[in-house]
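The next block holds one structure in the form of structure tokens; read it before the comments.
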Amino acid sequence: MEATSSVQASPQLGRRRFNFDRVIAIALIAPSLLAIAVFVYFFIAQTAYVSLVRWNDLLPDYTFVGLRNYDKLFQIERFQADMSNTLKFTVVFIFICLAVGLLLANLLDQKIKGEAIFRNIFMFPLAISFIVTGVAWRWLLTPSSGVNLIGSAIGIVDMKNPPGWFTDPKIGILAVAIAAVWQTSGYVMAMYLAGLRSIPDEIKEAARIDGATEWQLFRQITLPLLQPITLSAVIILGHISLKIFDLTKSMTGPGAGFSTDVPALFMFETTFSGSHFSQGAAIAMVLLVVVSVLIIPYLIYNFRSEVRS
Amino acid sequence: MSVVPYEQTRRRRITPGRVVTYAVLVGFSIFYLIPVYVLVVTSLKSFREVSLDRMWNLPQSFSLDSFRDAWFGNEETSVSGLASSFWNSIVLTVPAALISAAVGSINGYVLTKWKFRGADVVFPLILFGMFIPYQSILIPLVQLMQNLHLYGSLWGLIFVHVIYGIPITTLIFRNYYAGVPTELIEAGRIDGAGIIGIYRYILFPISLPGFIVVLIWQFTSVWNEFLFAVVLVNTPSSQPITVALNNLAGSFSVAWNVQMAGALLAALPTLVVYIFLGRYFLRGLLAGSVKG
Amino acid sequence: MQKHNRSVMTLVALFAMITMVLSACDNNSTSSNATTSNTPAAAKTPAAANTPAAANTQAASNSNGSAATGKLEMFSWWTTGGESAGLKAMYKLYSKDRPNVEIVNQAVAGAAGSDAKAVLKSRMLGGDPPDSFQVHMGHELLDGYVAAGQVEPLDELYKSEGFDKAFPQGVLDIVSGNGHYWSVPVNIHRANVLWYNKKVFTDNGLTAPVTFDDFFKAADVLKAKGITPLALGDKVPFASAHLFETVLVGTLGAEAYKGLWDGKTKWDGPQVTQALNNFKKMLGYINSDHAALTWDQANDMLIAGKAGMTIMGDWVDADYKAKAFTDYGWTTSPGTKGLYDALSDTFALPKGAKNKENALAWLKLAGSQAGQDAFNPLKGSIPARIDAGKGDYDAYLLSAIADWKKDTIVPSVVHGAAAKDGWATAYTDSVNSFVTSLDVDKTQKALVQAAADNMTSK
């Protein structure tokens, strides 16, 4: 936008050149646009189509069956377990990540000695693959070992009947959430820290001079100013948790009684192990819709506020 | 600047609050470092020493056997080593990151300095591509790669990563170039430079930080990626390290000291990048969240 | 500047080209799908389908092995001790004959091959098949890759190698479909085996249970002593599905069980309800950490004397051997005396295998007496050939070889023989949900639905 307006002010001579450049500009970006159109939108349309046909064997069968695959999907116990797991996972994961991230960011914002070291410790898991995280946490949360041993050493865990973590059908998915928090909470901390640092010291100083306590400062100035960041974090974490796949795949698999199963894993298995392509496509579309409900308003919001500014 | 004396007086005091702050920070540090401790300690143990009951114990004798097995493999216990897949991951990651950065830079340039009609609509549409669950494009993708004869090859995977990297790389460069004053571009135009010339002589030379951010971001995410890799490239001879590690760890016959050593090896390159270039990594990370 | 312009333009042009090619190819995808769907029809015409295979078999048997070069890419899920050792023993034999062929061992880990099957499927779907692959005999292959026209018929090989005489009729029936042979069975496994720790049994005055009543009586005795009666490791859900399969066989008997898979037995009948109730009762005797363990870790409980029994396929025998445990006994799982719940690992030849001739040589070896007797003692399975069985077979395997000759054979569902993949996974999923829900009604409905879905679309 800025470019357009500025260019219009330039001399007549440049105008032809400018128009030519505009053609080049479009040509430069066209391949990417085309790629996105095909690989994102056209493919989604294709998946949607597959989800409406009867391709539930190795051999493609494009007989149209309407919403039958969806109808069946929602009746399958495994998928019901997946939905409930995803919900539990999302709530716990987002909540803990936000809490931990906010806490750590605020602590680190206190002119801490060795801040960089702490920050790096909190954030290095972000650089690691979920597969690695899964391998490590699988052993840490194995009932007969890992954290249960520590718990037993300090007397809060009875090793004869230890917490089952991811093997406990009731809390299985929450154990996976612990590993996910380990990996992702540093991200939220970084976001909050960036937000805190962007709050001008003058504002806080003025409040302090007015006699505000640190807690009032936090509640009435810092938190409201961090609200947009919280919103971003919820969206980002939410879409990570809805899409989670690698971590459960490497850490637990679907689990006994599907205690740690998630839709993405079900989709992968039913498509590539069970040859239920249409069912897999239906799961994928459900996932996409849920993610879109989260993401599209966010994108529109961002886009609108950008135009306004 | 009245802040300075205030801070100085604060800093000198050791209040209980300060102590609690540090205690909490140290406590969380332990939480984040626990898996590292277990990974390192276990992978330094010999097979005989590995036991679930003694997970936390330091190794009694220092042994690199598990690293050797995880890297080279072990014929006897039929462990296949990660060495070749480590190399595959490098062959995959480096070109994917480079091409992605080039594409992202061009897109970011056009979207900030040569906005066309509808650019503001197109951009969110591009961005949406980075949020979709990739399951929703997986079936057609496999079919297409099959038809292109790119299925099962690292080239195909590079191609896929470049395509699905377009949203994030474009976003990062767009944010970066948005910070470049339009006056610079205008000056270039007045000097008679065209779209390419302005990019070449004005923007590109100051793009290094943007390139570093994108390169690191793409390097890390492609290195760590699993779903595309496991679906598109699954022959053991060409599979990337995440897939190989998952297979190594999924095999219950493989002793877990070897699994842990394998996990460390797989994490090493991105960790090294993080340790040395963490600043830039962070920028890429925040670009994905803070508004586009 | 000029130079840079050009390079940027080249890049752009290249990219534009790629994208255009892409979109063009995408249009093709529909048409090539149509081609694929025609192939099975073509395969049904024996002449058309057989000619290339025949020509190659000829070439394979005529060519001098030592002159053969290239690769042999072998796909399997044999990564653990005995299995992998058996496979390597066959590789060794193969290399003796064809020293210049590089064997590429594509073994993908994952219990019961569930991960491997996913990998194989995506490779086959992606048009990048290995030269030969491991597949369970029966519907896993017939309703899967055979129906999709992705494997070559092996009639010529069966004739030239005399396989059609070497395997028992029961096996020939299962590996054939549409009037063709589709894979070469290398072994036979038994699913319905109950293993017990001898010392635990003698200490508690128990004998090997035969019926469900026997089993529950023994289980009560062990439970009272604080010993886990039945060790289960269903971290990978196939294990619980496997257990329920043996309960189905034991509750319904051979005919009714077989009828489940061809529509003659109703899934909503009282017998299935009874089986689910038996299964539910059994689940009251398992270790509490079953969901944390894999089948072989559950086996460790039995070895350590922490558990009295486990019900698992006879690959357990090889696991004991590898762990140097000898104090174990075996019997048929409750209610299955005289029944042989069988599965078999076979090798098939994918269409478009890159080293077809080497693959055919591999199949010859896999079906040969020498190959089977090299493989099976290590793998802990019995040979599929009638004339094989001379080798280092242990006591269990000798007893299984004897049973194989006289017992009634029923096909395993979890291990691919009874139903196609889609059905088997739906079945496994239902059972896996049952393990935590213990809801007989709901699970039976799910099983009925799975049968309805998969029988109609056959």
> With the radius of gyration and the Kirkwood radius both derived from the Cα set of the stretch B:31-101, what is their ratio Rg to Rh?
Replying inline: 1.13
>> To check you understand DSSP bridge types, tell me what percent of the beta bridges within the protein assembly as shown (both residues inside) are antiparallel, rounded to 5.
In response: 60 percent
> Relative to a virtual label point 7 Å from the Cα of C:Thr202 in the Cα→beta-carbon direction, which members of the stretch C:384-406 show backbone nitrogen distances below 20 Å?
Replying inline: C:395-396
>> Take C:Asn178 and B:Ala187, extend 7 Å from each Cα along the Cα→Cβ direction, and tell me the distance between the two endpoints in nm.
In response: 7.3 nm
> Out of residues 5 or more away from C:Tyr328 or on other chains, whose amide H comes under 5 Å of its own, with H placed 1.01 Å from N in the peptide plane?
Replying inline: C:Lys198
> Taking the convex hull of the alpha carbon atoms in the stretch A:167-309, what volume per residue do you get, in Å³?
Replying inline: 140 Å³
> What does the charge add up to near C:Leu141, with Lys and Arg as +1, Asp and Glu as -1, over the other residues with Cβ less than 14 Å from its Cβ?
Replying inline: -3
> Taking the Cα atoms of the stretch B:60-143, what is the range of coordinates along each of the three principal axes, in descending order and whole Å?
Replying inline: 66, 30, 27
>> For a quick size check, give me the Cα extents of the stretch C:366-456 along its three principal axes, largest first, whole Å.
In response: 48, 27, 23
> C:Thr211 to C:Lys323: FRET efficiency via 1/(1 + (r/R0)^6), r the Cβ-Cβ distance, R0 25 Å, to the nearest 0.05?
Replying inline: 0.25
> Taking amide hydrogens as modeled 1.01 Å from N in the peptide plane, which residues meet the under 5 Å criterion relative to C:Ala107, leaving out close sequence neighbours?
Replying inline: C:Ser76
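Taking the Kirkwood radius as the inverse of the mean 1/r across Cα pairs, report the Rg/Rh of the stretch C:103-247.
1.10
For a Förster distance of 56 Å, can you work out the FRET efficiency between the beta-carbons of C:Asp394 and A:Leu67, rounded to the nearest 0.05?
0.50
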> Summing -39500 (n - 2.57) over the DSSP H runs of n ≥ 4 in chain A and dividing by its residue number, what mean residue ellipticity at 222 nm do you reach, to the nearest 500 deg cm²/dmol?
Replying inline: -22500 deg cm²/dmol
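Set the Förster distance to 41 Å, then compute FRET efficiency between B:Asp120 and C:Lys354 from the Cβ-Cβ distance, nearest 0.05.
In this case the efficiency is close to 0.25.
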> Across the stretch A:76-92, in residue order, what do the Karplus-derived ³J(HN,Hα) couplings come to in whole Hz, using 6.51 cos²θ - 1.76 cosθ + 1.60 with θ = phi - 60° and x for Gly and Pro?
Replying inline: 6, 4, 4, 5, 4, 4, 4, 5, 5, 4, 4, 4, 4, 4, 4, 4, 5
> With all pairs of different alpha carbon atoms counted, what Kirkwood hydrodynamic radius in Å does the stretch A:217-300 show?
Replying inline: 14.8 Å
> DSSP loop trypsin sites (Lys or Arg not before Pro) in the stretch A:111-168 with at most 11 other Cβ atoms within 10 Å of their Cβ, which ones?
Replying inline: A:Lys111, A:Lys113, A:Lys160
> With θ set to phi - 60° and the Karplus curve 6.51 cos²θ - 1.76 cosθ + 1.60, what are the ³J(HN,Hα) couplings of the stretch A:141-154 in order, to the nearest whole Hz, using x for Gly and Pro?
Replying inline: 9, 5, x, 8, 8, x, 5, 5, 5, 5, x, 5, 5, 9
> Once you average over the residues of B:30-38, how many Cβ atoms of partner chains fall within 10 Å of each Cβ?
Replying inline: 6
>> Taking each pair of distinct Cα atoms in the protein assembly as shown once, what is the resulting Kirkwood hydrodynamic radius in Å?
In response: 31.0 Å
> Residues with amide H under 5 Å of C:His189's amide H, sequence separation 5 or more or different chain, H placed in the peptide plane at 1.01 Å from N; which?
Replying inline: C:Leu343, C:Ser344, C:Asp345
> Once the other residues with Cβ under 14 Å from the Cβ of C:Ala291 are scored (Lys, Arg +1; Asp, Glu -1), what is the net sum?
Replying inline: -1
> By how many nm would the segment from A:Ala153 to A:Leu33 lengthen if fully extended, with 0.36 nm per residue of separation less the alpha-carbon distance?
Replying inline: 37.4 nm
>> Let me check I've understood the local charge: for A:Gly134, count other residues with C-beta under 12 angstrom from its C-beta, Lys and Arg +1, Asp and Glu -1. What total comes out?
In response: +1
> Over its Cα atoms, what ratio of radius of gyration to 2.2 N^0.38 Å does the stretch A:142-191 give?
Replying inline: 1.35
>> Over all directions, the average projected area of the alpha-carbon convex hull for the stretch C:202-246 comes to how many nm²?
In response: 3.7 nm²
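Order the peptides B:20-32, C:240-252 from the highest to the lowest mean number of other Cβ atoms within 10 Å of their residues. Don't skip to the answer; put the middle values down first.
Values: B:20-32: 15.0, C:240-252: 26.6.
The densest-packed peptide leads the list: C:240-252, B:20-32.
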> So what are the three principal axis dimensions of chain A from its Cα atoms, in whole Å, longest to shortest?
Replying inline: 81, 68, 29
>> Residue by residue through the stretch C:150-163, what is 3J(HN,Hα) from phi via Karplus (6.51 cos²θ - 1.76 cosθ + 1.60, θ = phi - 60°)? Round to whole Hz and write x for glycine and proline.
In response: 10, 10, 8, x, 10, 4, 4, 5, 4, 5, 5, 9, x, 4
>> Run through the stretch B:56-88 and list the chymotrypsin sites (Phe, Trp or Tyr not before Pro) located in a DSSP loop whose Cβ has at most 14 other Cβ atoms within 10 Å.
In response: B:Phe62
> With Rg and the Kirkwood Rh both taken from Cα atoms, where does Rg over Rh land for chain B?
Replying inline: 1.08
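Each value in this text was obtained by applying a stated rule to the coordinates, not by laboratory testing. If you're wondering where the values come from, they're calculated on a predicted model, not measured in any experiment. Every residue, glycine among them, receives a Cβ derived from its backbone with ideal geometry; neighbour counts consider all protein chains shown.
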